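Participant: Encoded as structure tokens, here's the structure I'll be asking about.
The values are calculated or read from the model by the stated rules, or taken from the named source; none is laboratory data. Every value quoted in this text rests on a predicted model; they were computed, and no experiment measured them. Here Cβ is always computed from backbone atoms with ideal geometry, including for glycine, and neighbour counts include all displayed protein chains. Just so you know, the surface numbers come from the protein's heavy atoms only, side chains and all, with ligands and any DNA or RNA stripped out. Shrake-Rupley method; radii C 1.70, N 1.55, O 1.52, S 1.80 Å.
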Amino acid sequence: MRKPVSCGATMIAAAMCICQNAYASEVETEADSSAICLHDIEVSANRAVRTTPVAFTNISAEEIKAANTGRDLPFIINSSPSIVVTGDAGNGIGYSGIRVRGTDASRINVTANGVPINDSESHRVYWVNMPDLASSLRDVQIQRGAGTSTNGAGAFGASINMLTDAPSLERYAGVDVSYGSFNSNRETVKVGSGLFGDHWSVDARFSHIGSDGYIDRAFSRLWSYQGQLAYRADNTLLRLLAFGGHEKTYMAWDYASKKQMEKFGRRYNPCGEYTASDGSTAYYSDQCDNFTQHHIQLLLNQGLGQYLRLNAALHYTKGDGYYDQYKTDRTLEEYGLDNFTNADGQTIKKSDLIRLKFNDNDFGGAMLNLNYRRGRIDATFGTAANWFVGRHFGKVKWVRNYIGAIDPLQEYYNNNGHKFDFNVFGRADVSIWNGIAAYADMQYRHIHYTIGGVSDNFDWNTGTMAALDIHRDYNFFNPKLGLTYLNGAHRAFASWSVAHKEPVRDNFTDADPQHYPVAERLFDYELGYSYDCRLFSLSANLYYMDYKDQLVVTGQLSDTGNPLSVNVPDSYRMGIELQGALRPADWFDWQINATLSRNRIRNFVEYIYEDEWTNPISIDCGETPIAVSP
């Protein structure tokens, strides 16, 4: 299991900026007139505004820049309400995790310019694959709860909507350099052409981030890029955007028990540990995760007259990589290897080995949103279709003292996942009377998901790797209703939302065929109030999230260390989120927030299976806390 440790690493930043303003006088008027219009087009699809009955937080480019020292984005936004972040390496660089209202990353919908970022099978976002993305963001909106209808994985705790930098109107060039604890460093170069030929602009960023990590050997070597070619004319903005990166990180996701930390210290990392031939403790130097990911987006923002606006996108994501792992005392049969006889005549059934586990993913799709805004009505219609192909396979790289025939990089499992995801939604925000606005959002979502091949789990009953033949179709209807009251600095809202979520890949591959998971359902009730004036702001939000068949972790771990989950019939998350800010001067902004929550499973009955998954022993646990929740 990936066991993150939180530890701050102080970064000292120095920045050098060179700007050329040759075009400033020529484009100043256009910037003032068209940027506002184009901004409205872009954010209408999945963004919440004051009249939307949703609990949300906006984080501006200035706030992101002030907190950006090279750490992953979860550590940059971690001061937002109800957020808890962790980092495997202990200093926020490398593998990072985020939870909102106690829900894990697989339940947080993440988009960039409205395009889904969550992995289609695991539903997770691996921020380490997009290092220094924060340097290319213009703002981030975090919606807590079910939120508005969006593309990609269902929002079961929150959604994070990111907008990348707008095309430059002026030429610029800049370099940011940071250095801090544990040899943590970041080097970022950004350049922009400004407007040329009356319509065109080009922007680019290149970044390197490195760190030795707080945890032993938990180093990170990260490279990333972003490039943007933009064309603008009248009320049109067309952008070709590419961003991505390559990461190499030493594993630090295994448990370090309390006894181990007492013996070896808080920075102890058991990953890659083995006993050498001379009996000494050694660590495998290549116990690393290696992955490359590229995102390509073609984005069209078009005004269609005075009241109608169009958002359209084509997108493609390519991910490819593997991790290299030393495993001690493994049964050879599990890896398709024969037992062997050593020089002493002993039959060897177990040995140390090195395995490689590969992912090769393709994800693409299209989306379209049409927004109508006139008078008291603000309505949006949207649809999207996405496809995904994921190839998973494993190979044996080396076996200690093995005697017998072994093919180089012998494959021991191979399976493919195919997924098609389609959704259509309609949303309307209507001002009714005297500051009161009504909100309705209806979404239909269809998912077709198949997995075929053999998994990395060995079936001891058949003596082979477990076969996978999974075909699932899901049809979800997700309505959302709410009211908002606005009166000057006052804002109050109430809402009711329904959300559904399909199981992730591991829920199938790590379960026995007799107990495959089912889809989850959420009823989300929200009630909020805020007061915002020039000097200070205060807000409180009450939420009650009622789940049916929520998948919760049991404490059991898979062979790769991932937590296993089971459906529980009835559970809930409830709490109050409190926020305050004080702004006595333009240069001073003090913010504080707190969340008090209760996360429980109602009438939980645990079943312990023995004798080939028959005759289970049941244990009535009553109402019990949901694991890994505040």
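Participant: Which whole-Hz ³J(HN,Hα) couplings does the stretch 80-86 yield from phi under the Karplus relation 6.51 cos²θ - 1.76 cosθ + 1.60, θ = phi - 60°, glycine and proline marked x?
Facilitator: 6, x, 6, 9, 10, 10, 9
Participant: Next question. Tell me the per residue accessible area of the stretch 135-285 using a 1.4 Å probe; a whole number in Å² is fine.
Facilitator: Working: 5840 Å² over 151 residues.
Per residue, the stretch 135-285 has 39 Å² of solvent-accessible surface.
Participant: Please list, in order along the stretch 122-129, the HN-Hα scalar couplings obtained from phi with the Karplus expression 6.51 cos²θ - 1.76 cosθ + 1.60 (θ = phi - 60°), rounded to whole Hz, x for Gly and Pro.
Facilitator: With the stated coefficients, the stretch 122-129 comes to 8, 6, 8, 10, 9, 4, 5, 7 Hz.
Participant: May I pose another question? Provide Lys259, Lys357 ordered by accessible surface of protein heavy atoms (probe 1.4 Å), highest first. Mind showing how you got there, number by number?
Facilitator: Numbers: Lys259 165, Lys357 15 Å².
The ordering from most to least exposed comes out as Lys259, Lys357.
Participant: Does the stretch 83-238 come out rounded, prolate or oblate by the C-alpha gyration tensor, with a ≥ b ≥ c the root eigenvalues, rounded set by a/c under 1.5 and, if not, prolate when a/b is larger than b/c and oblate if not?
Facilitator: Numbers: a/c = 2.77, a/b = 1.20, b/c = 2.31.
Because a/c hits 1.5 or more and a/b fails to exceed b/c, the stretch 83-238 counts as oblate.
Participant: Here's another thing I want to ask about it. First compute the accessible area of the chain with a 1.4 Å probe, then give the percent of it belonging to carbon and sulfur atoms.
Facilitator: 56
Participant: Using only Cα atoms, tell me the angle between helix 24-43 and the longest principal axis of the chain; keep it within 0 to 90° and round to the nearest 10.
Facilitator: Once rounded, the angle reads 60 degrees.
Participant: Find out how many positive minus negative residues lie around Ser431, taking Lys and Arg as positive, Asp and Glu as negative, among other residues whose Cβ is under 11 Å from that of Ser431. Write down the numbers at each step before the final one.
Facilitator: On the way: positive: Arg376; negative: Asp378, Asp429.
Neighbour charge sum, excluding Ser431 itself: -1.
Participant: Counting Lys and Arg as +1 and Asp and Glu as -1, what is the net charge of the other residues whose Cβ lies under 12 Å from the Cβ of Gly157? Before the final figure, lay out the partial values.
Facilitator: Working: positive: Arg99, Arg101, Arg107, Arg144, Lys501, Arg573; negative: Asp104, Glu520, Asp524.
Net of charged neighbours comes to +3.
Participant: Shifting gears a bit: Long-range amide H contacts for Trp398: which residues qualify at under 5 Å (H placed 1.01 Å from N, peptide plane, sequence gap of 5 or more or a different chain)?
Facilitator: Those lying under 5 Å, H to H, from Trp398 are Ile354.
Participant: Expressed in whole Å with the largest first, what are the equivalent ellipsoid semi-axes of the stretch 96-138 derived from the C-alpha gyration tensor as the square root of 5 times each eigenvalue? Can you show the working numbers first?
Facilitator: Working: eigenvalues 62, 30, 23 Å².
That gives 18, 12, 11 Å for the three semi-axes.
Participant: Right, another one. Could you state the number of Å between the C-alpha centres of the stretch 84-155 and the stretch 275-336?
Facilitator: 14
Participant: Need one word for the stretch 432-584: rounded, prolate or oblate. Basis is the Cα gyration tensor (sqrt eigenvalues a ≥ b ≥ c); a/c below 1.5 gives rounded, then a/b vs b/c decides.
Facilitator: Details: a/c = 3.67, a/b = 2.33, b/c = 1.58.
Here the stretch 432-584 falls in the prolate category.
Participant: Which sequence of Leu551, Leu229 reflects their accessible areas, 1.4 Å probe, from the largest down?
Facilitator: On the way: Leu551 15, Leu229 70 Å².
Accessible-area ranking of Leu551, Leu229, largest first: Leu229, Leu551.
Participant: Still on this model: If ligands, DNA and RNA are left out, what is the accessible area of Lys258 with a 1.4 Å probe, given in Å² to the nearest 10?
Facilitator: Lys258 has an accessible surface of roughly 150 Å² with all protein chains in place.
Participant: To continue, here is another question. For the stretch 423-453 and the stretch 341-377, what is the separation of their C-alpha centers, rounded to whole Å?
Facilitator: 29
Participant: Using the alpha carbon gyration tensor of the stretch 146-217, what are the three equivalent-ellipsoid semi-axes (square root of 5 times each eigenvalue), largest first, in whole Å? It would help to have the intermediate numbers written out before the result.
Facilitator: Working: eigenvalues 178, 154, 12 Å².
Whole-Å semi-axes of the equivalent ellipsoid: 30, 28, 8.
Participant: From the protein chains alone at 1.4 Å, what is the descending order of accessible area for Arg598, Arg427, Arg472, largest first? Kindly include the intermediate steps, with their values, before the conclusion.
Facilitator: Values: Arg598 100, Arg427 20, Arg472 70 Å².
In descending accessible area the options line up as Arg598, Arg472, Arg427.
Participant: Hey, how much of the P(r) for the stretch 322-377 falls beyond 17 Å, as a percent of Cα pairs? Let's see the in-between values first.
Facilitator: Numbers: 1000 of 1540 pairs.
In whole percent, the share of Cα-Cα pairs in the stretch 322-377 beyond 17 Å is 65.
Participant: May I ask which of Lys350/Lys397; Lys349/Lys395; Lys65/Lys248; Lys318/Lys357; Lys480/Lys501; Lys327/Lys349 have a Cα-Cα span longer than 22 Å here? List each step's numbers first, then the result.
Facilitator: Values: Lys350/Lys397 16 Å; Lys349/Lys395 19 Å; Lys65/Lys248 25 Å; Lys318/Lys357 17 Å; Lys480/Lys501 15 Å; Lys327/Lys349 14 Å.
Pairs exceeding the cut-off: Lys65/Lys248.
Participant: For the stretch 390-507, compute Rh as the Kirkwood radius over C-alpha pairs and then the Stokes-Einstein diffusion coefficient at 10 °C and 1.306 mPa s; write the answer in µm²/s, rounded to an integer.
Facilitator: Numbers: Rh = 19.2 Å.
Once the numbers are plugged in, D ends up at 83 µm²/s.
Participant: Roughly how much of Met130 is accessible, in Å² to the nearest 10, using a 1.4 Å probe?
Facilitator: 10
Participant: Once you order the gyration tensor axes a ≥ b ≥ c over the Cα atoms, which shape class does the stretch 406-472 get: rounded for a/c under 1.5, otherwise prolate or oblate by comparing a/b with b/c?
Facilitator: Details: a/c = 4.75, a/b = 4.29, b/c = 1.11.
Prolate is the answer for the stretch 406-472, as a/c is 1.5 or above and a/b outweighs b/c.
Participant: Charges on Cβ only, +1 for Lys and Arg, -1 for Asp and Glu, centred on the Cα centroid of the chain; of Asn434, Ile215, Asn311, which one is farthest towards the dipole's positive end?
Facilitator: After comparing all options, I get Asn434.
Participant: For the stretch 349-434, with every protein chain kept in place, what is the accessible area per residue (1.4 Å probe, Å²)?
Facilitator: 48
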